[in-house]
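The values are calculated or read from the model by the stated rules, or taken from the named source; none is laboratory data. Fair warning: this is a prediction, and the values are worked out from it, not measured in the lab. Here the Cβ positions follow ideal geometry from the backbone for every residue, glycine too, while neighbour counts run over all protein chains shown. Surface areas here come from the heavy atoms of the whole protein model, side chains and all, with no ligands, DNA or RNA. Shrake-Rupley method; radii C 1.70, N 1.55, O 1.52, S 1.80 Å.
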Amino acid sequence: MSHSLTKPDHDVIVIGAGISGLYQLHCLRRLGLDVHVFEAGTGVGGTWYWNRYPGARFDSESWSYGYSFSRELLDEWHWTEHFSPQPETLRYLNHVADKFDLRRDITFNARVAAAHYHEATRSWQITLEDGSRHSARFLITAVGPLSAPTMPRIDGVESFTGQSFHTARWPKEPVSFEGKRVAVIGTGATGVQTIQEVAKTAGTLTIFQRTPNWCAPLHNARIGTEEMERIRARYPEIFARCQETFACFVHTPNPRGTFEVTDEEREAFWEKLYAEPGFGIWQGNFRDILVDRRANALLSDFVARKIRQRVKDQRVADRLIPRNHGFGTRRVPLETRYYEVYNQPNVTLVDISETPIQRITPAGLATSDAEHEFDIIIYATGFDAITGSFDRIDIRGVDGLPLKERWKEGPRTYLGVQVEGFPNMFMVMGPHTALGNIPRSIEYNVEWVTGIIRYMSEHGLTRVECRPEGVKSWTDHVKGLGEGLLSNEVDSWMTGINRNVEGKQTRIIARYSGSAPAYRARCDEVAANDYREMSLT
Ligand code: NA7
């Protein structure tokens, strides 16, 4: 690589050693670059390092979720379950780090506090929380869209004298619930996984639900040696399919409309989807369920009937059925006997939309109508999503412009990978990229970023910045794609709402909602045209 300017400490600094950061390190190192990763945790894994809460696991099929770039890796790894539990996923990512000798270029226990661009040297200076400084030509944020956990804004959280945990900061040591009085606050995908697991051993379990979500069965199963052999043989076909589908899952919308079939056919199709593993009922349903109100209402009614069948006490079932949004318009938690948990005598559901939590007390918590005592409180209260992990770092571009300032009206990006005024910074899984089955999107994003850095190295270029017109056109495109989607009319992390974070009460278009193949085609086109849409010098 050309170094006509003062040589920084590294060619590239990557923030984060999760699925994105690990692969980014591997790809750039293969170009012969000096790459260094700073990671806040003590080990690799990102999401799968931090989220050790009981019951944490994939909702995507394990064999569609792992890295696809190395046939050797695919051949040697045995997924033991169709939807891998967190400990296995963490083992997998550690195996990847060992196999590709990644750790030697990662500093652990190193949280990045600030990242400032310096025009004079065309480089980024990174300051860690310990005050140490490191510079690089390129900065790559691999910080994850769901990695900044948020605690509820409830008085007295610090006063509780029992054990309390946020699910995304779960301790490494096992936590026993045996005979304990346990509270769970939050019923998103994380809360649902936690609740169904904790209910197995807790003395009592009290669930504080503000908004119910539409959950659907996961139908997990073990994978034996022979089945894994068959899966391995099918890997090329599996990953080819993930490249073709809308959101990189093995599931993709059915081409039929909800009202293009008879009532009997529709009911039979939904029964089939409800009985099948994974996200099929959300991602493989009729093509119009997330845009047509009548179709969505009909499907919601189908799932509501399922909840009623599974929960014995119909008053409890009533509370578990969402009223303010339709099926699939928020992230659908997948579950294993979640609804049956509410039939257990030791489990109580408290609807805090009726009786809000007023404060956390030393002994437990107080709602508007009762005092509750607990040994353990679990906060499954989610994340400051998509932009939150950026907001926590003091990122400044040209002329010291803070990224937060640039995004104060919501994120504006070029292809979800670059921001105007932030040269030489690339985002992997930044706002406005395709989410879906995330590792598939990550691999694409990482390879695209690797491509442009390779191009610059080969051409002796040291500065890359997107152009204002490129940002406008991509941001408008992303906003346009969001029009008509029922999910954009609902508060959730996907629309940038977090009631626990100041300034995150207005819905924004934070994610790209077009198809993954269309996203890739657009990015491929930019690369094929030698990145002429961007300013490279
Ligand atoms: P989510 O989906 O954002 O869920 C957070 C939950 O916590 C949700 O039920 C919230 O209720 C609840 N919450 C948040 N703050 C409070 C307060 N102050 N009081 C009571 N309840 C509260 O986060 P998850 O971790 O479950 O999942 C995030 C994603 O990670 C998930 O979609 C996967 O893709 C991986 P609300 O709905 O806001 O009323």
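Checking the condition open to solvent by 40 Å² or more (accessible area, probe 1.4 Å), farther than 30 Å from Phe38 by Cβ and of a type in the set (A, V, I, L, M, F, W, C), which residue from Ala363, Ala370 passes? The unique qualifying residue is Ala363.
Look at region 127-146: where a residue is among the basic types (Lys, Arg) and a partner is not in a strand (DSSP E or B), sitting 6+ places away or on another chain with Cβ atoms under 8 Å, you get Arg137/Met1; Arg137/Pro8; Arg137/Arg122; Arg137/Asn424; Arg137/Thr462.
Per the listing Ser147, Ser159, the residue uniquely open to solvent by 10 Å² or more (accessible area, probe 1.4 Å), modelled with pLDDT of 95 or more and in contact with a helix residue (DSSP H, G or I) (Cβ under 8 Å, 6 or more places away or on another chain) is Ser147.
Checking the condition closer than 25 Å to Gly45 by Cα and in contact with a helix residue (DSSP H, G or I) (Cβ under 9 Å, 6 or more places away or on another chain), which residue from Val182, Val96, Val112 passes?
After ruling out the rest, the residue left standing is Val96.
The residues in region 73-86 that are assigned to a helix (DSSP H, G or I) and either aliphatic (A, V, I, L, M) or free of Cβ contacts under 8 Å to residues at least 24 places away in the same chain (or both) can be counted, and the count is 3. Can you find a residue in region 413-432 that is part of a helix (DSSP H, G or I) and either under 30 Å from Gly131 (Cβ atoms) or open to solvent by 20 Å² or more (accessible area, probe 1.4 Å) (or both)? No, there is no match, as no residue in region 413-432 is part of a helix (DSSP H, G or I) and either under 30 Å from Gly131 (Cβ atoms) or open to solvent by 20 Å² or more (accessible area, probe 1.4 Å) (or both). The combined condition, being surrounded by 13 or more Cβ atoms within 10 Å (Cβ to Cβ), under 24 Å from the mean Cα position of the chain (by Cα) and either at pLDDT below 95 or not acidic (Asp, Glu) (or both), is not fulfilled by Ile223.
A single member of Ile386, Ile378, Ile395 is β-branched (Val, Ile, Thr), within 12 Å of the ligand (Cβ to nearest atom), open to solvent by less than 30 Å² (accessible area, probe 1.4 Å) and assigned to a strand (DSSP E or B), and it is Ile378. Looking only at region 87-115, residues that are closer than 25 Å to Asp11 by Cα, of a type in the set (A, V, I, L, M, F, W, C) and part of a helix (DSSP H, G or I) come to 3 in all.
Of all residue pairs spaced 6 or more apart or on separate chains, those with beta-carbon atoms under 7 Å, a first member in region 463-475 that is part of a strand (DSSP E or B) and a second member that is aliphatic (A, V, I, L, M) are Val464/Ile452; Val464/Met456; Val464/Met534; Val464/Leu536; Glu465/Met534; Cys466/Met534. From the list Arg52, Arg111, Arg103, the lone residue that is among the basic types (Lys, Arg), touching a residue at least 24 places away in the same chain (Cβ under 8 Å) and within 16 Å of the ligand (Cβ to nearest atom) is Arg52.
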